[in-house]
1. Report whether or not residue 198 is touching a Ser or Thr at 6+ places or on another chain (Cβ under 8 Å), buried (at least 17 other Cβ atoms within 10 Å of the Cβ) and within 27 Å of residue 331 (Cα to Cα).
2. Please go through the stretch 44-95 and pick out each residue that is basic (Lys, Arg) and either modelled with pLDDT of 80 or more or closer than 20 Å to residue 111 by Cβ (or both).
3. Which of (1) assigned to a strand (DSSP E or B); (2) more than 16 Å from the ligand (Cβ to nearest atom) is the odd one out, the single condition residue 338 does not satisfy?
4. Please enumerate the residues belonging to the stretch 261-277 that are within 16 Å of the ligand (Cβ to nearest atom) and surrounded by fewer than 20 Cβ atoms within 10 Å (Cβ to Cβ).
5. Considering only residues that are outside any helix (DSSP H, G or I) and aromatic (Phe, Trp, Tyr), look in the stretch 192-246 and name the one that is farthest from residue 319 (Cα to Cα).
6. Output yes when any residue across the stretch 285-298 is more than 20 Å from the chain's Cα centre (by Cα), of a type in the set (S, T, N, Q) and surrounded by fewer than 20 Cβ atoms within 10 Å (Cβ to Cβ), and no when none is.
7. Report yes if some residue within the stretch 334-353 is more than 29 Å from residue 247 (Cα to Cα) and either over 30 Å from the mean Cα position of the chain (by Cα) or without any contact (Cβ under 8 Å) to a residue 40 or more places away in the chain (or both); otherwise report no.
8. Among the listed residues 301, 323, 280, identify the single one that is away from the ligand (no atom under 16 Å from the Cβ) and touching a Phe, Trp or Tyr at 6+ places or on another chain (Cβ under 7 Å).
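The values are calculated or read from the model by the stated rules, or taken from the named source; none is laboratory data. No experiment lies behind these values; they were computed from the predicted model shown. Counting neighbours? That spans all protein chains shown, and the Cβs are built from the backbone with ideal geometry, glycine included.
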Amino acid sequence: MEIFHCYEFLLMKKFQEDSLLWDELKAETWVNLKTFLGAFQDRILKSKVEGNDSVESDTDVSRYKKISADLWFLAVTLEKSPHRLLAFLNSELRQESENVVQIPGQTVLARYLSHYNFVEMHLDSIFKYGETATLPKELFRCRNVRVLSLKYNNLEWIPPDVGRLSCLERLSLTNNRLQNKSIPHTLTFCRRLKELYLDNNLLDALPGFLLGMPQLNTVHRHGNHNYFKATFMWYHTDVNDRVLHVFDEVQKRRKPTNGYNAESLLFLAATALISSNINFFEPGLLPNTLQEYMADIYPRFSICDHCHAAVAYSSSGYRVFTFKNPYLGNTCVPFQHWACSRDCAEAIEIPAHQEQMRAAERMDEEYDHYIQEIQNEDMSVPSRGICSLL
Ligand SMILES: [Zn+2]
């Protein structure tokens with residue numbers, strides 16, 4: 001099972017950003033690295049024959065201690081995944097020697113990812129403090145990924161491309177800076193997603209579209225309590241208070257993506273496709289360039305949780321709060337929805353409110369029944385009660 005680790009990500013990112021280093025390694029240090037990795041390869045082959053996976057020894061460690069501290073991820077990659085790096089480097093060198101023309105714009109990271117069939121990505125803490133946390137799109141091209149962990153990354157939003165991961169079963173977004181609108185509606189395209197971890201973010205409720213994902217069996221949202229608490233002021237209210245007409249100033253301030261003409265046929269077709277709620281990442285449905293275009297313009301819309309209409313962020317809409325009790329083993333969880341019209345907002349709020357009232361009645365009945373049982377038990381056991389306490 002192939003796991004893509006954070007140190008490999010940092011190494012590829014470094015190669016990508018620092019083409020001089022990449023060229024330098026290939027030109028000079030490369031020779032040494034190859035010798036060094038060749039030694040590793042011998043040990044790996046030998047250990048495989050002997051059934052021993054360990055490739056470490058004091059001599060090996062002392063060799064990569066020479067690597068400078070800011071390239072620690074190179075040292076860790078050499079220690080943990082030498083065979084993978086070696087195979088990739090060999091393939092890169094072979095392609096260069098054969099003058100294979102590389103796809104324009106294809107990054108080192110993309111080539112590394114496509115070289116392997118990664119099924120898990122453990123990418124916790126991949127951004128330094130103060131660094132803009134933007135997830136490269138290449139990560140979402142690995143269609144067989146089942147587990148994606150992005151904990152402790154200061155992420156303020158998740159790219160719509162997450163919807164490409166059709167095999168995704170577990171997504172960990174713990175300890176980031178996600179707000180309700182940071183999580184794209186395209187997550188609903190991940191129809192195998194069972195576990196979602198949203199602990200310690202800035203959510204004041206869970207995104208309403210999660211309620212339309214019946215395959216989810218675990219949703220953790222601890223550590224957002226302070227924000228959830230404020231939402232509970234709407235618990236005892238009704239549709240008149242829970243539907244808020246909003247003009248989203250925060251999103252309005254977001255710089256619009258340049259280069260798209262709102263009146264172009266392409267833009268209108270893309271808007272219609274987004275509103276149709278079809279998984280436009282489905283392989284074979286659209287050419288790659290169009291899928292990329294869709295993903296690029298997607299953050300410019302709010303998606304109605306009722307009719308799925310894609311409406312420009314700068315337009316006004318309705319924020320709707322509902323409460324689900326119980327939700328996946330949790331008592332009373334608030335949800336925040338976005339609706340394109342008052343009608344859509346009411347179509348979300350009214351049935352949810354009725355369900356909330358029925359759930360509250362059921363809980364009251366269960367509580368009464370429980371109290372009755374305790375009282376009956378007390379009366380049938382004479383040794384218990386005040387007399388026995390004296
Ligand atoms: Zn609507």
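1. So residue 198 passes the test.
2. Of everything in the stretch 44-95, those that are basic (Lys, Arg) and either modelled with pLDDT of 80 or more or closer than 20 Å to residue 111 by Cβ (or both) turn out to be 80, 84, 94.
3. (2)
4. The answer is 271, 272, 275, 276, 277.
5. Ranking the qualifying residues of the stretch 192-246, first place goes to 197.
6. Yes; the residues of the stretch 285-298 include at least one that is more than 20 Å from the chain's Cα centre (by Cα), of a type in the set (S, T, N, Q) and surrounded by fewer than 20 Cβ atoms within 10 Å (Cβ to Cβ).
7. Scanning the stretch 334-353 turns up no residue that is more than 29 Å from residue 247 (Cα to Cα) and either over 30 Å from the mean Cα position of the chain (by Cα) or without any contact (Cβ under 8 Å) to a residue 40 or more places away in the chain (or both).
8. Selected residue: 323, the only one of 301, 323, 280 that is away from the ligand (no atom under 16 Å from the Cβ) and touching a Phe, Trp or Tyr at 6+ places or on another chain (Cβ under 7 Å).
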